[in-house]
Amino acid sequence: MAIGVASGLQDKPWTDPSARPYVRIEGLSKSFGDVAAVTGVDLDIFRGEFFALLGASGCGKTTLLRMLAGFEEPSSGKIYIDGVDMAGIPPHRRPVNMMFQSYALFPHMTVAQNVAFGLQQERLPRREVADRVRQMLDLVQIGGLARRKPDQLSGGQRQRVALARSLAKRPKLVLLDEPLGALDRKLREQTQFELVNIQEKLETTFVVVTHDQEEAMTMASRICVMNAGMVEQVGTPHEIYEYPISRFVADFIGDANLFDGVVDATGTGSTRISSADVGDIVVEGGGAAAGAPVTVMVRPEKIQVLAPEAPDPGFNTGEGIVREIAYLGGMSVYHLELPSGKRIQLARANLMHTAETPIGWDDRVRFHWHPANGVPLLA
């Protein structure tokens with residue numbers, strides 16, 4: 001799981017209690033008949049953020065985006081954009097533009113005409129429209145394609161046209177629904193960084209819907225993880241990955257080893273947990289009472305292989321047999337089967353062409369992790 005240095009405001013306004021959010025969502029819910037698509041969502045999004053709504057299909061993220069755009073009316077709750085209540089304001093009167101997953105380009109129009117369409121609807125002077133179109137096409141690096149039709153473009157080029165069109169009216173808020181889903185992996189990775197650069201140049205607030213974890217990690221200043229129509233956690237990519245607050249987030253974001261146990265004792269700065277899978281687990285911090293059930297998350301890359309001659313640390317350690325190996329180029333992932341029958345993952349960076357201590361199928365491996373690398377999950 002790659003964690004990018006995503007778009008981000010250097011002053012992190014979400015950490016300032018006095019900062020005024022640019023988009024405020026309060027108690028927002030939406031039901032379709034008996035089906036609750038979004039339930040009680042509260043969110044603050046700040047000016048200039050690249051904010052991601054992340055979750056599996058059907059979690060409510062696109063419905064939330066459509067309510068921001070005005071295409072769906074909330075069943076209850078409020079949406080404020082720049083301090084203005086959006087209740088009853090139709091999509092075309094909101095300071096918002098939306099880039100659809102399908103791009104929705106007009107096939108009979110040229111690239112330039114597609115980008116100019118919204119500006120012409122506002123009856124801007126012809127010269128201003130031409131200048132704005134040229135600026136937007138140059139911004140997305142397709143200035144030489146102005147006279148082509150959509151069917152003469154690649155998927156990546158069509159994506160850029162759709163982005164230029166959504167930016168041409170200089171909206172306060174740009175909404176992107178799975179904007180890179182139709183692109184191949186290499187082009188998608190390249191475009192992620194280009195989107196971040198464009199957003200930072202314009203200093204426009206972006207809200208993107210995606211189910212792709214790496215995409216959200218790479219682009220977003222903050223991520224809202226959604227599950228079953230509700231918010232599970234909001235945080236920076238680093239916070240979401242390293243410090244998930246629930247079992248769902250830990251399991252959904254990246255790969256995670258989850259060890260169930262019971263709190264034995266809480267001491268000064270640490271907690272000892274008894275686990276049927278690996279014996280004693282020690283984590284930093286405290287707060288849970290003795291006897292409380294707890295799950296400890298450890299990321300695969302945080303687990304170290306112990307040399308055969310290394311002493312037993314006495315905690316956060318175990319032994320397993322290698323059942324599967326995945327070579328991923330920059331790293332190898334090993335699936336270990338513990339004596340309890342539980343399977344865990346261990347990842348090692350491939351720093352050399354040949355591993356100093358090769359690990360093969362059916363090898364018996366001892367492992368250990370530092371107390372700081374175990375995250376207790378009480379939810």
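Worth a mention:
- Scanning the stretch 146-188 for residues that are within 17 Å of the chain's Cα centre (by Cα) and free of Cβ contacts under 8 Å to residues at least 24 places away in the same chain yields a total of 1.
- Hey, A168 closer than 22 Å to Q141 by Cβ and either crowded, with 21+ Cβ neighbours inside 10 Å or touching a Lys or Arg at 6+ places or on another chain (Cβ under 7 Å) (or both) or not: yes
- Where A372 falls short, out of the listed (1) touching a residue at least 40 places away in the same chain (Cβ under 8 Å); (2) in contact with a Gly (Cβ under 8 Å, 6 or more places away or on another chain); (3) aliphatic (A, V, I, L, M): (2)
- Restricting the first member to the stretch 13-39 and to residues that are more than 13 Å from A228 (Cβ to Cβ), and the second to residues that are assigned to a strand (DSSP E or B) and at pLDDT below 95, the beta-carbon pairs closer than 6 Å and six or more apart or on different chains are Y22/T205.
- Taken together, the residues in the stretch 69-91 that are surrounded by fewer than 16 Cβ atoms within 10 Å (Cβ to Cβ) and either of a type in the set (F, W, Y) or not assigned by TED's automatic domain parsing to the domain that holds A36 (or both) amount to 1.
- Where a residue in the stretch 44-69 is within 29 Å of D11 (Cβ to Cβ) and its partner, wherever it lies, is part of a loop (DSSP other than H, G, I, E, B) and hydrophobic (A, V, I, L, M, F, W, C), with Cβ under 6 Å and at least six apart: G48/L9; F50/A220; A52/A220
- Only one entry in V161, V208 is in the same structural domain as I245 (by TED's automatic domain parsing), surrounded by 22 or more Cβ atoms within 10 Å (Cβ to Cβ), modelled with pLDDT of 85 or more and under 30 Å from L124 (Cα atoms), namely V208.
- Residue that is nearest to G279 (Cα to Cα) [pool: residues in the stretch 344-364 that are within 33 Å of the chain's Cα centre (by Cα) and in a strand (DSSP E or B)]: I344
- Residues of the stretch 106-135 satisfying the condition of being under 26 Å from T62 (Cα atoms) and either in the same structural domain as L180 (by TED's automatic domain parsing) or modelled with pLDDT of 85 or more (or both): F106, P107, N114, V115, F117
- V96 vs. criteria closer than 20 Å to L173 by Cβ, of a type outside the set (S, T, N, Q) and loosely packed, with under 13 Cβ neighbours inside 10 Å: no
The values are calculated or read from the model by the stated rules, or taken from the named source; none is laboratory data. All values reported here derive from a predicted model rather than from experimental measurement. Glycine also receives a Cβ, built like all others from the backbone with ideal geometry; neighbour counts cover every protein chain displayed.
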